[in-house]
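Just passing along the structure, written as structure tokens.
Read-outs throughout are calculated quantities, based only on the coordinates presented, and are distinct from any laboratory measurement. Every value quoted in this text rests on a predicted model; they were computed, and no experiment measured them. All Cβ positions, even for glycine, are placed from backbone atoms using ideal geometry, and neighbour counts span all protein chains on display.
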Amino acid sequence: MNDIIKEIKIKYFDEEIEKLCYIDGKSDWIDLRAAKDVELKKGDFALIPLGIAMQLPEGYEAHVVPRSSTFKNFGIIQTNHQGVIDCSYCGDNDQWFMPVLAVRDTEIHKNDRICQFRIMENQPKIQFTEVAVLEGKDRGGHGSTGTK
């Protein structure tokens, strides 16, 4: 585990939003909370404010995904499936949001934990080299490992 601590400036848009923290011993993902009450009908789309903005270090990005219980608890799916927030989204008004689609009528309350994020280093520069044949072992194509 890399013990280097990166300093990240964070702005909270609301003093009632619980401050970010790790859940000790469980994961290196950090929960994000709804910054306001939201009522959705089945089929509604909403951008749910998360009440924070960050100034990520150059060369890093945040990956935002639903929590494992989000669909079960709230009946929403994240429409972009994974949000990627790059280090250029760092202005004073660049609040983070979760774009969602309701699959049932639902209510989300301020401070409900609805998604999570982690900070990742940007992908390194790569160069693609075109070849006629790949040398790795063939696994049989998409879906070839079966269902059990």
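Looking at the stretch 13-55, which of its residues are part of a loop (DSSP other than H, G, I, E, B) and buried (at least 19 other Cβ atoms within 10 Å of the Cβ)?
Scanning the stretch 13-55 gives I17, A34, A35, L50, G51.
Okay, next question. Criterion first (surrounded by 15 or more Cβ atoms within 10 Å (Cβ to Cβ) and either without any contact (Cβ under 8 Å) to a residue 24 or more places away in the chain or among the acidic types (D, E) (or both)) does D92 satisfy it?
no
Also, quick follow-up: Can you tell me which condition I77 does not meet? The list is (1) surrounded by 12 or more Cβ atoms within 10 Å (Cβ to Cβ); (2) over 29 Å from T106 (Cα atoms); (3) β-branched (V, I, T), and all the others hold.
That leaves (2) as the condition not met.
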